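Below is one structure, written out as structure tokens; comments come after it.
The values are calculated or read from the model by the stated rules, or taken from the named source; none is laboratory data. In this text, all values refer to a predicted model and were calculated from it rather than measured experimentally. No Cβ is skipped: glycine too gets one built from the backbone with ideal geometry, and neighbour counts run over all protein chains shown. Ligands, DNA and RNA are stripped out before the accessible areas are found, and what is left, the full protein with its side chains, is counted by its heavy atoms. Shrake-Rupley method; radii C 1.70, N 1.55, O 1.52, S 1.80 Å.
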Amino acid sequence: MIKRHFVLLLLLLPLIWLSSCDLQGNHINDLQTFRMAVSSEPPTLDWNLATDSISIRIIENLMEGLTQFDQDLNPVPAVAKGWKVSEDGKTYIFPLHNSISWSDGKRVTAHDFEYSWKRLLNPATAAEYAYFLYDIENAYEYNSGQIKDPSLIGIKAIDDTTFEVRLRKPVVYFPSITTFTATFPLRRDIVEKYGDHWTDPANIVTNGPFLLKEWRHEYSLTLTANKDYYGGRPKLDAIRFYVIGESTTALTLYETGGLDMVSLPPLAIPHYKKHSEYSHHPFLRGYYYGFNVEKPPFNDKRVRQSFSMAIDRTAFPEILKGGELPATSWIPQGMMGYNPSIGLSFDPAGARALLREAGYPDGSGFPEVTAVFSTNPENLLIAQNLQAQWKKNLGIEVKLDNQEWKVFLKTLQTNTPPIFRLGWGADYPDPDNFMNLFTSTSGNNRTHWKNREYDRLVEAAAMEQDLEKRKRLYDQAQKILTEENVPIMPLFTNAQNLLVKPYVKGFRPNAMDITYLKDVWIER
Amino acid sequence: MLLFILKRLLWAIPVLWLVATITFIVMHIVPGGPFDAEKQLPPEIRANIEEKYHLDRPFHTQYLLYMESLIRGDLGPSYKYLGRSVNDILADTFPVSIQLGVIAFILSLILGMGTGLLSAVSKGRGDWIDKTSMLMAIGGVSIPHFVLAALLILILSQTFHIFPPALWEGWEYTILPAVSLAAAPAAYMARVMHSSLINVLNEDYIRTCYAKGLPLRTILFKHALKNAAVPLVSFSGPLFAGLITGSFIIEYIFSIPGMGKYFVTAVINRDYPLIMGVTLLYGLLIVLANLAVDLLYFFIDPRIRKR
């Protein structure tokens, strides 16, 4: 009898232990809590080190830098009151507000910016986005170890409220770079005191509209309103970001009332398209196929042009159903310099003529080529469609090969395939971020294409103060890129597809996919 | 007995060393590195990062450095989750996986043994019980757990609103993932239990029990069950280790902050120290679970004790 009870107790013990375990999170059941999903754990909240969209989305609500974006993605003053540019365009002076404080009450000063920028450039920090500041005098030399003295870098806090930046060349979009999280100010005392753990909720010190209250790794982050925020206390009491990797899980939670906003997985878009909570927004992310211009047959630009002209790009939104915008030009919609009239449009007869000229009439004698892309259902659908279109319009059978993401990246580096798929998302909303990609010196130009005229135009545009002249320079450069030389074929730009509950007010997504939540409130 | 345990524990050291070495070599052979990304890094920045993590050193130096810190119990920094060590990550996520795994394990034991017992006893008497329970067992084995999870969410969360569809906030959040995890092992256990119990029930000593006029309950629970459970025990060890280290798919579907997802994501990210960390922890648990199984045999089966 005793033995039997003992066995029963033994079975029950783990259950008793489990029921005592802390499965319960800290609930903030306030009506003014906004709940949304992020697709993975933010790799870091150290804004010098963060490079991914999830970390950045959270940091953007915790912190403010010299400038931030307005709704049209133009940089506008934030911690800085504005900026003055010297006549030669090489020196920027940012006067700072003197009333903005950190969450521990200390004032935000120009020294916090100087420390942050020099830390970003310090080789020991090993920050991936240090190159964002390479346009600053001696920044590259310091980051690459050629000089050891950080005081030689063109970054200086002249006094508490004046921050000076000296550039090696005029860069008209420089204020756009200061909207970027990596350039936000940092507190030396906090970083030095807590080391790697300075971003823990108990240690972190911020200056933005929300404060980091709790970070349950791999599960959720809770931000609460900063009542001392210089722009006025935000209307929301709290934001809860849940880490939800599976997009259909997020959708189920949205439907059962667990989330207030959700990004729709492509498969669900047709079902929700007519839903009143559905909205669709442009997204500064381009999807393209590139050629290795050194490998035959794509070392002949007529072949490249022909391949680009043989694609009916209107097919892609029909396949992906995510409101993608077909594109023949490279600068995406929503960005200065966008010009949809540039690029090679669908012209099967013209494409065949060019192919004939190149020595492959109706595709005969065309060598075997393989298009390579990274394993992903969206990429597969697009690749299969391209394969069919090239077969139909050019008579060419292109083989397809997909590789796991990191293997694919290695292949691109070591043995660039004749045709490959890639994409690019904006780091800052300036066309330079897109156009610079295909200059001869860009590490991200995997096409092996080098064009001096293109390089010159892109460099001149980066320095051109006059907006109209700048647009013209980009038009010329885009023509070389997508009409004359065609090292890449832009296919479409992505879109954001959201469901937002009707009681969420003031929510305005932007094309950078940055969600500023300080103006959002809930009205039930 | 103590000597036996000590010997087995000492054996774990070379086993884990071998696991660590093979994993270390294989993950470095796989193409693609931790810092390859769509936005390729300038070579200077790549050099800074590689220096920080000693990835610029020769392979054997990297191996020795890793082994040295491993001996100190330091699993190294994660390359993906900057500023967090693998020790931190495992300390955060492993307890969650243990919680879910233990519930799923107990559930599969109760369901599996119960069903197996019921069907074996009712064989030849109430055939429909036997057939229904074995049919359920076949279903449990053949339906993948992600399909079952989706079905459970659809029916019990979206349609009837009985359980939450995901997240990890209280006991009610553990039910659906635990059932999804437990179904397949429970079904397998039911089948093993079924056939093993039928064999045992045909043994001479059970016939003797019947001849002595013992009631069925006593025969079953006092004499038959212990011997019938022997094959289950050997299965339970690795199952327990597998369940408490989490499941990538179940954690993903239910958004549970456990460590199971790292078995996949650490490899996708080429987060070398995290790959090593989860592999070694899993290896260690398998070794311990097998030791526990052997000890359990010792207690249940007198034949082993005599040897």
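See the values below:
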read-out	value
Where only C-alpha atoms are counted, convex hull volume of region A:297-378 per residue in Å³	135 Å³
Selected from B:ILE13, B:LEU291, A:PRO417, residue furthest toward positive end of dipole (the protein assembly as shown; charges at beta carbon)	B:LEU291
Calculated FRET value between A:ALA124 and A:GLU453, using beta carbons and R₀ = 45 Å, to 0.05	0.70
10 Å Cβ neighbours from other chains, averaged over peptide A:191-203	1
Approximate spin-label separation A:HIS197-A:THR370, in nm, with each point projected 7 Å along Cα-to-Cβ	5.0 nm
Region A:54-84: trypsin sites (Lys or Arg not before Pro) in DSSP coil with no more than 13 other Cβ atoms inside 10 Å	A:LYS81
Restraint check, A:LYS84/A:LYS118; A:LYS156/A:LYS410; A:LYS273/A:LYS301; A:LYS118/B:LYS39; A:LYS118/A:LYS295; A:LYS156/B:LYS52, Cα-Cα greater than 32 Å	A:LYS156/A:LYS410; A:LYS273/A:LYS301; A:LYS118/A:LYS295
Gyration tensor (alpha-carbon) shape descriptor, region B:220-267, a/c threshold 1.5	prolate
Volume per residue of the C-alpha convex hull in region A:259-308, rounded to whole Å³	151 Å³
Selected from A:GLY258, A:HIS275, A:ILE158, residue furthest toward positive end of dipole (the protein assembly as shown; charges at beta carbon)	A:GLY258
Cβ charges +1 (Lys, Arg) and -1 (Asp, Glu), total dipole of the protein assembly as shown, debye	2840 debye
Equivalent ellipsoid semi-axes, chain A, via Cα gyration tensor eigenvalues times 5, rooted, Å	42, 34, 22
Alpha-carbon Rg/Rh ratio, for region A:64-187, with Rh computed the Kirkwood way	0.95
Span-rule helices in chain A, defined as complete DSSP H runs reaching 24 Å or more along the axis (Cα) with Kyte mean at least 0.5	A:2-20
Relative contact order (%) - criterion: Cα under 8 Å, at least six apart; region: chain A	18 percent
Charge dipole (chain A, unit charges on Cβ, about Cα centre) - positive-most of A:PRO42, A:THR248, A:ILE56	A:THR248
Proximal lysines relative to A:LYS213, as straight alpha-carbon distance under 26 Å, when same-chain residues fewer than 8 apart are discounted	A:LYS106, A:LYS193, A:LYS227, A:LYS235, A:LYS501, A:LYS505, A:LYS518, B:LYS80, B:LYS261
Trypsin sites (Lys or Arg not before Pro) within region A:209-302: DSSP coil, no more than 13 neighbouring Cβ in 10 Å	A:LYS227, A:LYS273, A:LYS274
CD proxy at 222 nm, helix term only [per DSSP H run n ≥ 4: -39500 (n - 2.57); per residue of chain A; nearest 500]	-8500 deg cm²/dmol
Angstrom value of the Kirkwood radius, inverse mean 1/r, which spans all Cα pairs in region B:115-171	13.5 Å
Nearest-20 debye value, chain B charge dipole, Cβ charges on Lys, Arg, Asp, Glu	1480 debye
Accessible area (Å², per residue) of the protein assembly as shown, counting only protein heavy atoms and a probe of 1.4 Å	44 Å²
For the pair B and A, total buried accessible area rounded to nearest 100 Å², probe 1.4 Å	4900 Å²
Cut-off of 10 Å, at most 16 other beta carbons, DSSP loop: longest stretch of chain A lacking such GluC sites (Glu not before Pro)	A:88-276
Residues in region A:382-411 that, when all protein chains are in place, have 50 Å² or more less accessible area than the chain alone would give (probe 1.4 Å)	A:LYS406
Region B:161-214, Rg to Rh (Cα coordinates; Rh as Kirkwood inverse mean 1/r)	1.37
Restricting region B:187-227 to trypsin sites (Lys or Arg not before Pro) in coil, as DSSP defines it, with at most 15 other Cβ within 10 Å	B:LYS212
Region B:71-216: relative contact order in percent, alpha carbon pairs under 8 Å with at least 6 residues between	31 percent
With 5 Å bins from 0: P(r) over region A:52-137, alpha-carbon pairs, percent	3, 11, 16, 24, 24, 16, 5, 1
Percent accessible area from carbon and sulfur atoms, the protein assembly as shown, protein chains only, probe 1.4 Å	59 percent
Nearest-0.05 FRET efficiency for A:LYS505 and B:GLU68, computed from C-beta distance (R0 56 Å)	0.45
Average beta carbon contacts from partner chains per residue of B:171-179, 10 Å cutoff	1
Global size of chain B as Cα Rg and Dmax, reported in angstrom	24.0, 85
Helical contribution to [θ] at 222 nm, DSSP H n ≥ 4, -39,500 (n - 2.57), averaged over chain B, rounded to 500	-23000 deg cm²/dmol
Range of Cα positions in region A:366-524 per principal axis (Å), largest first	63, 41, 31
Average other protein chain Cβ within 10 Å of Cβ, residues A:137-147	2
Stretchable slack from A:ASP104 to A:LEU467, in nm (0.36 nm times residue separation minus alpha-carbon distance)	126.5 nm
Relative contact order (%) - chain B, alpha-carbon pairs under 8 angstrom, separation at least six	26 percent
